[in-house]
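Below is one structure, written out as structure tokens; comments come after it.
The values are calculated or read from the model by the stated rules, or taken from the named source; none is laboratory data. Because the structure is predicted, anything quoted here is derived from the model rather than measured. Virtual Cβ from ideal backbone geometry, glycine too; neighbours counted across all protein chains shown. Side chains are part of the model used for accessible areas, which takes the heavy atoms of the whole protein and leaves out ligands, DNA and RNA. Shrake-Rupley method; radii C 1.70, N 1.55, O 1.52, S 1.80 Å.
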Amino acid sequence: MQGRFGKVVLVVLGVILMIVFILPAGLQNMAGGDSTLGTLKGEKVRRNDVMGARSLYDYARMQLVVRGPAGQEVPLTAAIFGEHAEKLEDDPELFYLLLRETEEIGAVIPPEPLESRIAELNLQVRIADPSSPGTQRLVDFRDIAGEQLRDDVLRSVRALLSIERSFMRYVDYPHISQPLVDYFLATGSQEVDLRTVVFDSSRLMDQAPEPSAEAMQAHFEEHKEALEGAASDENPFGFGYRQPDGVKFQYITIGGEAARRHVLSDLKARSVADREQAIYSYWRENRARFPVPPGSSATQPATQPATQPVEDEAPSTQPATQPTGDEAFLLASNAEVKQFLDGQTAQVTGGAREPEWRSFLAVHDDVVDRYVSTRAAELKGNVGRRLREILGGDYRAFDLARAAGADPQNAPAEPPRSRAGVPVDDPDYLERVAERIAEEFGLRPSVATYAAEYYGFEETADEAVVGPIASAISPQHQAMFSTYIMGGTLPLLDAAQRRQLEQSGQGLALYKPSEALLDIEGNDFIFRVIEARPD
């Protein structure tokens, strides 16, 4: 439960090694006043590019803060890169290489996951304030109104999170370097070819004497501390009677794509005029985020914003090509939308509101995409908050009743019912919670249960075994799902570890809902352990 994600730490080192092996021409001639530092893949590397990357890193290190597990202020760089943050601070060329590699493999984080991660991190920004101690104070990113400051923060955060995203990509899809290929080819060609013969043991069973009770007990005592299959020189057949740690668990998923589809479905049910009113109002509230593209025919916005609703204003004609995809019905090239926009344009042409309206039209489809993404993120956030409220409140009542039940004199007649209508330890509890969420928001989270057998560390890290939660990360604990569940489940821990986690409130008792996890696809997860078997 401590430190960065185990897999990611290995990936950081792997990416660094990959750069050494893959990039054929390293940075050379770092000293001197020449603006060209060297070459990389035949291209010049300029000092300004490296220093620009360094400025993004330093900005995140000095100005951007998140809260650690104990509530302490942690620089964003340390929260993302852990023990490697100091290395990157001392080596700006390395950060530049990582950032460049991220761009080349297409791992730059898109706007929607970026905003979602920033919200999950509860990012804070240090801003100048002469009246505060140290002439600076912390402000939540969501409260920042200055466009330039927001852009500076987003550029710095995007660089760091994009590199983190590329690390996770290499976890799932490691790059095989040529030296590694050469090594395996060499060792494979030099291995001894051992031919074996398989005997059917059943034909020899009649010749084997029945072991005595004393012999079986001695065999058990000899191998009782070994895990089955852990062969060694002393135990070549891998005898073992110790079972590894295992858990049975359930999890509930708030899908990012499902939230987006729900928003699109809601918009599709509304009239074109209602949709365009909402999209136009959103643009006016956030117009600084949508600069008119260079070369656009739109004129500069009017000094005073229009006060009439969108029905009194108008978009320009867009190409009448038929769009495709789930959002096609919202785009200006959709025939129905185009007809409506043309009618609105005719009403304001020549009037005072025409410049502002045409500025909106120049970025119409960009506004649509951002509007849908924002509404989907808001829906997902609202569902997540409500889900945590229900799960947390129900568990607290359940835990109090469980503690009281430890004393037979105070044991309740029956377990307390939850807001889902069934006890928290009922196997259908999460399904009932999902139904309640669907009634309130129209979006039903999905539920997965893994209770047929016990799952260990390797199984919980395998998406093919336990589903998409295997690749999810806990921002709170800076840990992958497998590390979080196997390292935080209290019944699996020794007394000292259990006591430490119980005191911090971070341990996972049976049926206790976990902290929220998220994955790179924009999905949120909450899990709970329903059974645990220590080794």
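Give the number of residues within the stretch 327-348 that are within 35 Å of the chain's Cα centre (by Cα), free of Cβ contacts under 8 Å to residues at least 24 places away in the same chain and in a helix (DSSP H, G or I).
The qualifying residues number 1.
So is residue 37 hydrophobic (A, V, I, L, M, F, W, C), at pLDDT 65 or above, within 30 Å of residue 524 (Cα to Cα) and open to solvent by less than 30 Å² (accessible area, probe 1.4 Å) or not?
no
Specify the residue that is nearest to residue 400 (Cα to Cα); the eligible residues are those in the stretch 494-509 that are assigned to a loop (DSSP other than H, G, I, E, B) and touching a residue at least 40 places away in the same chain (Cβ under 8 Å).
Here the residue is 509.
Looking at (1) in contact with a strand residue (DSSP E or B) (Cβ under 8 Å, 6 or more places away or on another chain); (2) surrounded by fewer than 17 Cβ atoms within 10 Å (Cβ to Cβ), which is the only condition residue 496 fails?
(1)
If I filter the stretch 429-446 for residues that are surrounded by 15 or more Cβ atoms within 10 Å (Cβ to Cβ), in contact with a Ser or Thr (Cβ under 7 Å, 6 or more places away or on another chain), not in a helix (DSSP H, G or I) and not hydrophobic (A, V, I, L, M, F, W, C), do I get at least one hit?
yes
So, in the stretch 451-461, how many residues would count as being at pLDDT 90 or above and out of contact with any helix residue (DSSP H, G or I) (no Cβ under 6 Å at 6 or more places or on another chain)?
Counting residues in the stretch 451-461 that are at pLDDT 90 or above and out of contact with any helix residue (DSSP H, G or I) (no Cβ under 6 Å at 6 or more places or on another chain) gives 6.
Looking at (1) open to solvent by 20 Å² or more (accessible area, probe 1.4 Å); (2) touching an Asp or Glu at 6+ places or on another chain (Cβ under 7 Å); (3) farther than 30 Å from residue 65 by Cβ, can you tell me which one residue 454 breaks?
(2)
Considering only the stretch 318-342, state which residues are surrounded by 11 or more Cβ atoms within 10 Å (Cβ to Cβ), at pLDDT below 70 and under 21 Å from residue 260 (Cβ atoms).
Selection gives 323 alone.
Taking residue 460, is it among the polar types (S, T, N, Q), out of contact with any strand residue (DSSP E or B) (no Cβ under 7 Å at 6 or more places or on another chain) and under 20 Å from residue 255 (Cα atoms)?
Judged against the criteria, residue 460 is a match.
Could you please find all residues in the stretch 273-292 being of a type in the set (Ser, Thr, Tyr) and within 28 Å of the chain's Cα centre (by Cα)? Walk me through how you get there before you give the answer.
From the stretch 273-292, those of a type in the set (Ser, Thr, Tyr) are 280-282; that's our starting set.
Listed by number, the list holds a single entry, 282.
Determine which member of the set 230, 213, 218, 186 is farther than 24 Å from residue 486 by Cα and modelled with pLDDT under 80.
Step by step, each of 230, 213, 218, 186 is checked, and only 186 is farther than 24 Å from residue 486 by Cα and modelled with pLDDT under 80.
Considering 378, 389, which residue is free of Cβ contacts under 8 Å to residues at least 12 places away in the same chain, open to solvent by 60 Å² or more (accessible area, probe 1.4 Å) and over 30 Å from residue 426 (Cβ atoms)?
378
Please go through (1) farther than 19 Å from residue 461 by Cβ; (2) at pLDDT 90 or above; (3) not in a helix (DSSP H, G or I) for residue 522 and return the number of the only condition it doesn't satisfy.
(2) is the only condition that residue 522 fails.
Does the stretch 426-440 include one or more residues that are under 30 Å from residue 76 (Cα atoms), free of Cβ contacts under 8 Å to residues at least 24 places away in the same chain and of a type in the set (A, V, I, L, M)? Quick ask: steps written out before the conclusion?
Of the stretch 426-440, the ones under 30 Å from residue 76 (Cα atoms) are none.
Looking for residues that are under 30 Å from residue 76 (Cα atoms), free of Cβ contacts under 8 Å to residues at least 24 places away in the same chain and of a type in the set (A, V, I, L, M), one finds none in the stretch 426-440, hence no.
Is it true that some residue in the stretch 153-172 is of a type outside the set (A, V, I, L, M), open to solvent by 20 Å² or more (accessible area, probe 1.4 Å) and modelled with pLDDT of 85 or more?
Yes, the stretch 153-172 has at least one match.
In the stretch 447-464, how many residues are closer than 19 Å to residue 524 by Cβ and part of a helix (DSSP H, G or I)?
Residues in the stretch 447-464 being closer than 19 Å to residue 524 by Cβ and part of a helix (DSSP H, G or I): 2 in total.
Name the residue, out of 231, 259, 269, that is closer than 30 Å to residue 326 by Cβ and surrounded by fewer than 19 Cβ atoms within 10 Å (Cβ to Cβ).
After applying the criteria, what remains is 269.
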